[in-house]
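What follows is a single structure, written as structure tokens, with notes after it.
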Amino acid sequence: MIRTALALLAALALAAPVAAQSAHHPLQAEESVGINPRYLLQDPRGRSVTNEDFRGRFQLISFGYTYCPDVCPTTLVEMAAILKQLGEQAERVQPIFITVDPERDTGKVLQTYTEFFDPRILGLSGSPALVRRAADNFKIRYAKVREPGNDNYAVDHSAGMILLGPEGEFIKKFAFATPVDEITGQLREILDTRPAPPQRR
């Protein structure tokens, strides 16, 4: 998986538009203040999806875009590794990748991209206004960085993962480059303190 992911990183770097290298801002703990963990977006089939659709499950959310040359694919490789390490507990977690480049990241593009890493990762998009509202709610910063003289661009955006609880409440942020084992360990502790509700018969 790691070798395949590295190959993808190289391919993405070659395929992405030639633009100024975008900066990626690690999510900061102080940015947690004032987070409103709500969104109204669309899945790859065009169906509306909100934070309320995953009641009873945790949500592990990352913002990024498919043309991202390094940080975003690295994050999704890590997200897939976390799901694998969680084993059966991963059923209680919905991994989500929200694009900050809705003009290029169509539903089909998003689905192909996220499924490469793990078919459980759900890609979400929407109109530029809805994406901006979701990012603002989560205190995610992003902006296009254009290359002078042509239409190519990268997107400068906050990096990391955000965890929501089974009631849709914000729990914590994991900064970019936090080791996978550390995130998995913290997730296990959180999951263990909130046992899954009994199955209805």
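Before moving on, here are some points about what is shown:
- The stretch 67-77 - residue that is touching a helix residue (DSSP H, G or I) at 6+ places or on another chain (Cβ under 7 Å) and surrounded by 22 or more Cβ atoms within 10 Å (Cβ to Cβ) and, of those, farthest from Y153 (Cα to Cα): L76
- Out of A90, A134, A154, one residue alone is part of a strand (DSSP E or B), buried (at least 17 other Cβ atoms within 10 Å of the Cβ) and of a type in the set (A, V, I, L, M). It is A154.
- Residue among T99, T178 that alone is free of Cβ contacts under 8 Å to residues at least 40 places away in the same chain and in contact with a helix residue (DSSP H, G or I) (Cβ under 8 Å, 6 or more places away or on another chain): T99
Values quoted throughout were computed directly from the atomic coordinates according to the rules given, and no laboratory measurement underlies them. Remember, predicted model here, so these are calculated numbers, not experimental data. Glycine also receives a Cβ, built like all others from the backbone with ideal geometry; neighbour counts cover every protein chain displayed.
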